[in-house]
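Contents: one structure, followed by commentary.
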Amino acid sequence: RGIDYRNGKLAVSSENKAYVLTDTIHTIQNDWFSYIHTVEFSPFNDAQILISSSGYDCIFEYDWQKNSCEWEWFAWENGMSIGKNPKTNNPLYLTRDKAQFAIWEKEGKNSLLIDDPLQQVLPTAMRAAFINSVSYHQQHKGILLATLFHQGSVAHINQNTGEIDVVMDELRNPHGGWQSANVLMATSTTSGEVRLNNDAFLFQNLPNKSAELAEMEWLQNSK
């Protein structure tokens, strides 16, 4: 599902595990890994790897050599805790904190407690952020680029404060946010576009497109 290569090291991911391949296989596991979409080596430290767990709206940074989690970020605890109940179209408040869940229940809010990630499943439509890809800012340490699938935007996440700030929007189900000193890039998946700063490059109605897509495109990612 995810792949990255840097300085002779290959990282790949399955649905709920990440692997770094050197002269051996380093396996990274976490109970909150679900629906992993991206893995990426840090441009500042080869021992660090970034992992997006789309299934539970969270991001992790690991030291893969020590197999230790160095940093984690949950959208639910940083201002993005409201998903949607697809059956009723009503807001759905998400948390992994039993105390917060009890408060919302008392307030009569439609809420869901996820406290057993290995046994529970959060369907795509119910996710609050659905961060399907995450990337390091290539020049500014401590700044990450995250694509917000449901919101149609790309956001900065500050690793020091946890704050999130939208830097590109009006995308359709985006993937692959990436930024260097001069380029901000993202893939607008269901409109078949690649955005580079203020320019849009179209990849639409390509040969062998599935008839079931009708007017919708599906450009999964770009590098």
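The values are calculated or read from the model by the stated rules, or taken from the named source; none is laboratory data. Treat the numbers as computed from the prediction; the structure is a model and nothing was measured. Here the Cβ is made from the backbone with ideal geometry for all residues, glycine too, and neighbour counts use every protein chain on show. Heads up: the accessible areas ignore ligands, DNA and RNA and are worked out on the full protein's heavy atoms, side chains in. Shrake-Rupley method; radii C 1.70, N 1.55, O 1.52, S 1.80 Å.
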TODO: Kindly indicate the residue of region 102-126 that is of a type in the set (D, E) and assigned to a loop (DSSP other than H, G, I, E, B) and also surrounded by the most Cβ atoms within 10 Å (Cβ to Cβ) among those meeting that condition.
DONE: D115
Task: Some residue of region 68-86 being of a type outside the set (A, V, I, L, M, F, W, C), at pLDDT below 95, in a strand (DSSP E or B) and buried (at least 16 other Cβ atoms within 10 Å of the Cβ) - done: yes
Task: Search result, residues across region 175-189 that are open to solvent by 30 Å² or more (accessible area, probe 1.4 Å) and within 19 Å of the chain's Cα centre (by Cα) - done: W178, Q179
TODO: Would you mind telling me which numbered condition in (1) open to solvent by less than 40 Å² (accessible area, probe 1.4 Å); (2) at pLDDT below 95; (3) not in a loop (DSSP other than H, G, I, E, B) S135 fails?
DONE: (2)
Open item on the list: Testing P91 on (1) open to solvent by 10 Å² or more (accessible area, probe 1.4 Å); (2) at pLDDT below 95; (3) outside any helix (DSSP H, G or I); (4) closer than 26 Å to G2 by Cα, one condition comes back false. Which one is that?
Closed with: (4)
- [ ] Could you tell me whether region 190-208 includes any residue that is outside any helix (DSSP H, G or I) and either open to solvent by less than 10 Å² (accessible area, probe 1.4 Å) or closer than 20 Å to D57 by Cα (or both)?
- [x] yes
- [ ] Could you identify the single residue in D31, D46 that is within 25 Å of Q120 (Cβ to Cβ), among the acidic types (D, E), out of contact with any strand residue (DSSP E or B) (no Cβ under 6 Å at 6 or more places or on another chain) and surrounded by fewer than 21 Cβ atoms within 10 Å (Cβ to Cβ)?
- [x] D31
TODO: Name every residue in region 138-155 that is open to solvent by 10 Å² or more (accessible area, probe 1.4 Å) and either within 12 Å of the chain's Cα centre (by Cα) or touching a residue at least 40 places away in the same chain (Cβ under 8 Å) (or both), in order of residue number.
DONE: Q138, Q139, K141, F149, H150
Task: A99 being over 22 Å from Q29 (Cα atoms), not charged (D, E, K, R) and not in a strand (DSSP E or B) - done: yes
